Amino acid sequence: MKLIFFSAFLLVAAIATAQPKLVNQATISTITNVIAPEDEDISQIANAAGAGPGANFRNFGDGETKSTTYIKNDLTKTEYKSEMGRGSIFRNNVTKVTTTIIEVMGNKMGFYASDNDMEAMAKKRDSMMKERAKTDTAIKQRLPRTKSFDITIINTNETKKIAGYTCKKAYVVTDKIIAKDSLAVWYTSEIKFTNITSTGGTSGFGSFGGTTGLEKIEGFVMQYERNMPRGRKMEVKVTKIDIAKEVADKEFDLPKDIDIKPMSEMNGAGGGFRMMQRGN
């Protein structure tokens, strides 16, 4: 009888230690690299999409982007820097508001939007695209999928160290076939952060950003590769996590030298947001 109770105790202890440690503050460094096809013809992309002179902004974020994400309770801030520009993305998970500051070629702009605002703008954008798709085949190819898929996480036995953490490899599958429409990720089950499942990529953009399915990972995503439109590939990898250093409250103060407007009032804000999404 004692042996049975002792075995049951060990089982409960093992389950408890397998649960990720929930961390409510941290500083995380991440590198995002967007790789474009070598044979891509930018002029043809511009002509096909009818984008006009500003089509070069469609490739904003190509190459390497370094970012630092600060987490403290319900607040997050991501600072990023690339060859094209720099900026900061503030997220308040209580009010569900995302504030974005962009600096490109010396010009600064700022805008904010709630999750409800973003959802309404996304619906309006999709409606406009569907209308244009009736006469423009290039737009038709870019329409979002209307069919929804069940998301399944398939774990493997592969492991490796990333930024000092032991990570497991898993597939985020949305079409039941690993080789098709799936995402290979490396994650650690040692820690988990409040309100955030990954950093880098487009994860800082409130309800517009992030990669579908990562929220189902039981831990924190440290690395993944994602296929993007027009043959691009996005590689995201965490390089450092600091959970010991106190994150100061002032990190989440919005800059006072920029006029931050509602996204709905920004001229061409939709285009600016796509620019920020690194080639999407």
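The values are calculated or read from the model by the stated rules, or taken from the named source; none is laboratory data. What you see is a predicted model; the values in this text were computed from it and never measured. No Cβ is skipped: glycine too gets one built from the backbone with ideal geometry, and neighbour counts run over all protein chains shown.
Looking only at segment 246-280, which residues are in a helix (DSSP H, G or I) and either at positive phi or at pLDDT 90 or above (or both)?
Asp249, Lys250, Glu251, Phe252
Each row is one residue, and each column tells you yes or no for (1) at pLDDT 85 or above; (2) touching a Cys at 6+ places or on another chain (Cβ under 6 Å); (3) more than 16 Å from Asn195 (Cα to Cα).
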| site | (1), (2), (3) |
| --- | --- |
| Thr30 | yes, no, yes |
| Ala36 | no, no, yes |
| Ala46 | no, no, yes |
| Asn73 | yes, no, no |
| Glu79 | yes, no, yes |
| Asp117 | yes, no, yes |
Residues that are at pLDDT below 90 and in contact with a Pro (Cβ under 9 Å, 6 or more places away or on another chain), drawn from segment 81-115: Lys108
Where a residue in segment 252-267 is touching a residue at least 24 places away in the same chain (Cβ under 8 Å) and its partner, wherever it lies, is in a helix (DSSP H, G or I) and among the hydrophobic types (A, V, I, L, M, F, W, C), with Cβ under 6 Å and at least six apart: Met263/Ala269
Pair list, Cβ < 6 Å and 6+ apart or interchain, from segment 19-36 residues that are over 17 Å from Gly219 (Cα atoms) and surrounded by fewer than 16 Cβ atoms within 10 Å (Cβ to Cβ) to residues that are at pLDDT below 95 and aromatic (Phe, Trp, Tyr): none
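If a residue must be modelled with pLDDT of 80 or more and either touching an Asp or Glu at 6+ places or on another chain (Cβ under 7 Å) or surrounded by 11 or more Cβ atoms within 10 Å (Cβ to Cβ) (or both), how many such residues does segment 137-158 contain?
7
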Test: residue in segment 120-131 that is at pLDDT 85 or above, on the phi < 0 side of the Ramachandran plot and of a type in the set (D, E, K, R): no
Qualifying residue in segment 105-112 (condition: of a type in the set (Gly, Ala, Ser), touching a strand residue (DSSP E or B) at 6+ places or on another chain (Cβ under 6 Å), surrounded by 15 or more Cβ atoms within 10 Å (Cβ to Cβ) and within 15 Å of Thr202 (Cβ to Cβ)): no
Where a residue in segment 119-136 is surrounded by 14 or more Cβ atoms within 10 Å (Cβ to Cβ) and in a helix (DSSP H, G or I) and its partner, wherever it lies, is at pLDDT 80 or above and not hydroxyl-bearing (Ser, Thr, Tyr), with Cβ under 9 Å and at least six apart: Met121/Ala113; Met121/Met263
Candidate set from segment 183-207 (those that are surrounded by fewer than 18 Cβ atoms within 10 Å (Cβ to Cβ) and part of a strand (DSSP E or B)); member that is modelled with the lowest pLDDT: Ala184
